[in-house]
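As structure tokens, the structure follows; a few thoughts come after it.
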Amino acid sequence: MCVRDIQTSRLLLRPWSPGDADFLFDMESRWDVKRYVGAAPAVMTDRSEALASIERRRALNHPVYGIWAIELMSERVLVGNLLLKPIPLSVDDSTSSSEDVEIGWHLHPDYWGHGYASEAGYAGLRHAFGAALPRVLAAVAPGNVASQKVCCRLGMRHLGQSDTYYNATHELYEARRAEWCRGRLLLDSELHT
């Protein structure tokens, strides 16, 4: 496993560990967290699902991609999840492989509204573009207004609706490295407002 820690002023993005299973199960057993995830959203129903999910997350062995636990450093508590990974094409498009990379976040409802998704998302984009990825996408369910707002705060451009990924229609957002390097995306200090 080569997922490395990423730190912001308030957050530590770190690899998941088996000791995080109770938190992950609590977060992903909630419909309000999972209702916008995938073409057929489903909640976890057993702690063993959380352990299996953590093992899959830990198996992602790549120097850039990862699925991080988001930890609030001041309290040493987990608040959510950030992912940066290849985005799967819809089944009808599976004959061609996608080189597209997505960013996404899921936070526990107890930590919504504090800017943690924006802060973690910004750190993920900084990591991606620091590794020279040319662009990063976010595929957001049309009803997920909160995540669409996070994409806008991150300076991601709305590309419209697409059914290219996950066998579902999403609002597609894009951030490009060239724009990042020209400084068009938010500064760290702007994320807490």
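The values are calculated or read from the model by the stated rules, or taken from the named source; none is laboratory data. Keep in mind it's a predicted model, so treat the numbers as computed, not measured. Don't worry about glycine lacking a Cβ; one is built from the backbone with ideal geometry, like all the others, and counts go over all protein chains shown. Ligands, DNA and RNA are excluded from the accessible area calculation, which covers all protein heavy atoms including side chains. Shrake-Rupley method; radii C 1.70, N 1.55, O 1.52, S 1.80 Å.
Worth a mention:
- Inter-label distance, nm, simple model (7 Å from Cα along the C-beta direction), Arg47/Ala59: 2.2
- GluC sites (Glu not before Pro) within the stretch 75-137: DSSP coil, no more than 14 neighbouring Cβ in 10 Å: Glu75, Glu99
- Per residue accessible area of the chain, 1.4 Å probe, in Å²: 49
- Value at 222 nm in deg cm²/dmol, rounded to 500, when DSSP H runs of n ≥ 4 in the chain each add -39,500 (n - 2.57): -8000 deg cm²/dmol
- Label positions at Val145 and Glu99, each projected 7 Å from the Cα along the C-beta direction, are separated by 3.8 nm.
- Rounded to whole Å, sorted largest first: equivalent-ellipsoid semi-axes of the stretch 107-160, Cα gyration tensor: 20, 15, 8
- Rg ratio for the stretch 1-146: its Cα radius of gyration over 2.2 N^0.38 Å, N being its residue count, equals 1.02.
- Förster radius 41 Å - calculated FRET efficiency between Asp26 and Arg182 (Cβ-Cβ, nearest 0.05): 0.50
- For the stretch 65-177, convex hull volume per residue from C-alpha positions, Å³: 103
- Global geometry of the stretch 77-142, whether rounded, prolate or oblate, following the gyration tensor of its Cα atoms and the 1.5 cut on a/c: oblate
- The relative contact order of the chain, computed from alpha carbon pairs under 8 Å that lie at least 6 residues apart in sequence, is 20 percent.
- Arg157 - accessible surface, heavy atoms, 1.4 Å probe, Å² rounded to 10: 90
- Paired Rg and Dmax values of the stretch 7-63, which use every Cα atom, in angstrom: 12.7, 36
- Dipole magnitude of the stretch 33-156, debye to nearest 20 (Cβ charges: Lys/Arg +1, Asp/Glu -1, about Cα centre): 220
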